[in-house]
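Just so it is clear, none of the values below were taken in a lab; they were calculated from the coordinates. Everything quoted here is computed from the prediction, not taken from an experiment. Cβ placement follows ideal geometry from the backbone for every residue including glycine, while neighbour counts extend to all protein chains displayed.
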Amino acid sequence: MKVYLVGGAIRDKLLGLTPKEKDWVVVNSNPSQLIELGYKQVGKKFPVFLHPETFEEYALARLERKTNKGHKGFEFDTSESVTLEQDLLRRDITINAIAQDDNGDLIDPHNGITDLENRIIRHVSDAFSEDPLRIFRVARFYCVLSDYNFTIHEATYEVMKNIVKSGEIEELSRERLWTELSKAFNSKNPWKFFDVLIKTNAAEKYFPEVMSNDLIRKKIIYFSNTNIEKDIFLSILGFSVDFIESFGFPKKIIDLYFIFNEFITKFISLEMQDKSILNFLNSLDAFRRPERLKAFLIQAQYFLDFHKMKEGEKINIFIKINNIIENKIDYGNLTNKNVEDIKRNIENINLNIINSILLNKKY
């Protein structure tokens with residue numbers, strides 16, 4: 001049994017970065033042996049194990065055989081006869097196909113070190129084209145590594161274009177697409193993710209709005225240079241509902257997306273009068289769910305900044321209102337009142353709060 005450190009940990013170390021996680025490949029072993037050593041099996045289709053102390057992932061070296069469309073259409077061979085070199089051959093790009101043994105020596109059969117030095121993202125072998133998800137993985141790596149002046153090799157672009165032609169992208173799960181998109185938006189250059197989709201023709205075929213809508217590109221680049229939180233970022237870019245569904249956006253972001261699209265125009269045109277403000281707050285359900293108003297105000301501020309619209313006073317007034325709501329408004333004892341009296345009492349108190357803020361803040 002031999003164990004090798006592989007993949008991103010080696011790549012990052014050679015780039016002078018601190019690896020975020022370590023992945024290991026195990027050669028000349030089997031599930032029974034690893035379980036006897038205390039490893040916990042977590043993989044289903046192919047054996048992956050967690051180290052009993054570090055909880056890092058250890059995968060048996062494997063071969064893959066394409067049996068169907070999509071990234072799930074593979075059969076795996078994890079027998080003890082599978083070599084390290086065979087395992088590295090099935091990896092996506094050369095800079096991820098470097099291994100290190102327990103002596104610290106590097107095994108680099110596909111010249112990944114040279115590609116690291118030359119800042120090139122290049123596919124390892126023809127097996128790359130068997131997994132359509134790799135278009136999105138390469139796009140994500142390009143986002144992350146563009147800070148280090150990496151480029152994608154033209155031969156790899158050609159392979160990705162052929163994957164697009166094959167139509168296998170349609171077999172990908174929304175969960176896997178979301179994972180790659182989400183990681184791209186953790187980088188400093190998320191637009192480069194879409195740049196790859198455009199150059200491989202994936203955008204033209206499946207996501208045409210990122211080609212035809214230059215405003216989306218400008219927003220992504222602009223917000224990339226701010227401290228915007230990712231969920232807010234993705235909710236205000238103007239993606240279509242089809243795009244959001246295709247990439248499997250999680251519910252939290254979808255909720256933010258619909259809040260923003262429903263209320264941003266109303267907010268901008270809102271007259272700053274007590275009853276107009278109250279109606280807006282009620283429609284947003286702000287008194288019961290102040291977190292919605294708080295999130296919306298963050299969205300609105302970024303949107304207004306992008307469009308260079310001066311609505312700072314309006315934002316500040318709503319921030320003050322939200323702070324009061326978050327601290328719980330005292331509506332008094334309502335137990336002996338009928339429904340209409342309760343509604344009237346609550347409305348009057350809310351209007352008094354709004355008016356007190358308006359009077360203390362020139363608008």
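Restricting to bridges with both residues inside segment 1-130, how much of the DSSP beta-bridge set is antiparallel, in percent to the nearest 5?
DSSP beta bridges in segment 1-130 are roughly 85 percent antiparallel.
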Check your understanding: To the nearest 20 debye, what is the magnitude of the charge dipole of segment 103-179 about its Cα centre, counting +1 on the Cβ of each Lys and Arg and -1 on the Cβ of each Asp and Glu?
Key -> 300
Practice item. Along Cα→Cβ, 7 Å out, is where each label goes; now give me the distance between the ones at K230 and N279 in nm to one decimal. Key: 4.0
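Which value, in debye to the nearest 20, describes the size of the charge dipole of the chain about its Cα centre when Lys and Arg Cβ atoms bear +1, Asp and Glu Cβ atoms bear -1, and nothing else is charged?
On the way: 51 positive and 53 negative charges, 289 e Å.
That gives the chain a dipole magnitude of about 1380 debye.
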Point to revise | Spin-label pair E347/Y206, simplified geometry with 7 Å Cα→Cβ offset, distance in nm | key: 5.1
**Study point:** Those residues of segment 199-226 whose amide nitrogen sits under 13 Å from the label point placed on K161, 7 Å along Cα→Cβ
**Key:** 199-202
**Study point:** Most fluctuating residue given options N118, N327, N338, as computed from a GNM of the chain linking Cα atoms under 10 Å
**Key:** N338
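Among the listed pairs K66/K183; K192/K308; K266/K320; K275/K343, give every one whose C-alpha distance is greater than 21 Å. Walk me through the numbers before you get to the answer.
Working: K66/K183 27 Å; K192/K308 25 Å; K266/K320 19 Å; K275/K343 14 Å.
Correct reply: K66/K183; K192/K308.
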Review point. If you stretched the chain out fully between E340 and E56, how much longer would it get, using 0.36 nm times the residue separation minus the C-alpha to C-alpha distance?
Key: 96.1 nm
Study note, to complete from the structure: Taking placed amide H atoms and a strict 5 Å upper bound, the residues 5 or more places from V48 or on another chain that come that close are V42, G43
Review point. Using a simple spin-label model with points 7 Å from Cα along the Cα→Cβ vector, what separation in nm is obtained for L106 and F46?
Key: 2.4
Review point. So what are the three principal axis dimensions of segment 152-206 from its Cα atoms, in whole Å, longest to shortest?
Key: 28, 26, 17
**Study point:** segment 192-278: trypsin sites (Lys or Arg not before Pro) falling in loop per DSSP and having at most 15 other Cβ within 10 Å
**Key:** none
Point to revise | Matching label, Rg and Dmax of the Cα atoms in Å computed from the structure shown, candidates (1) 23.3, 98; (2) 20.3, 68; (3) 26.7, 81 | key: (3)
**Study point:** ³J(HN,Hα) computed for each position of segment 193-201 - Karplus, 6.51 cos²θ - 1.76 cosθ + 1.60, integer Hz, glycine/proline x
**Key:** 4, 6, 4, 5, 4, 5, 5, 8, 6
Point to revise | Other-chain or far-sequence residues with amide H under 5 Å of E56's (modelled H) | key: H51
Check your understanding: Once Lys and Arg get +1 and Asp and Glu get -1 on their Cβ, which of G112, N338, S187 lies farthest toward the positive end of the dipole of the chain?
Key -> N338
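Among the DSSP beta bridges whose two residues both lie in the chain, what percent are antiparallel, rounded to the nearest 5? Intermediate values should be presented prior to the final figure.
Values: 19 of 25 bridges.
Of all bridge pairs located within the chain, approximately 75 percent are antiparallel.
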Check your understanding: Straight-line reach from K13: which aspartates and glutamates have Cα under 19 Å away, leaving out those fewer than 8 places along the same chain?
Key -> E21, D23, E56, E57, D92, D101, D102, D105, D108, D115, E117, D147
Study note, to complete from the structure: Charge dipole of the chain built from unit charges on the beta carbon (Lys, Arg +1; Asp, Glu -1), centred at mean Cα; most positive-end Cα among A61, L284, F249 is L284
Exercise for review: Starting at the first residue of segment 259-276, write each ³J(HN,Hα) from the Karplus equation 6.51 cos²θ - 1.76 cosθ + 1.60 with θ = phi - 60°, in whole Hz, x for Gly and Pro.
Suggested key: 4, 4, 5, 7, 10, 5, 5, 4, 5, 5, 8, 5, 7, 7, 10, 3, 5, 5
Revision key, fill the gap. Of the candidates I321, F267, F303, the farthest towards the positive dipole end of segment 226-325 (Lys/Arg Cβ +1, Asp/Glu Cβ -1, centred on the Cα centre) is I321
Review point. Mind listing the phi-derived Karplus ³J(HN,Hα) values for segment 126-141, rounded to whole Hz, using 6.51, -1.76 and 1.60 with θ = phi - 60°, and x for any glycine or proline?
Key: 4, 4, 3, 6, 7, 10, x, 4, 5, 4, 6, 5, 4, 4, 5, 4
Exercise for review: Determine which aspartates and glutamates satisfy two conditions relative to K205: a Cα distance under 13 Å, and not lying fewer than 8 residues away in the same chain.
Suggested key: E168, E170
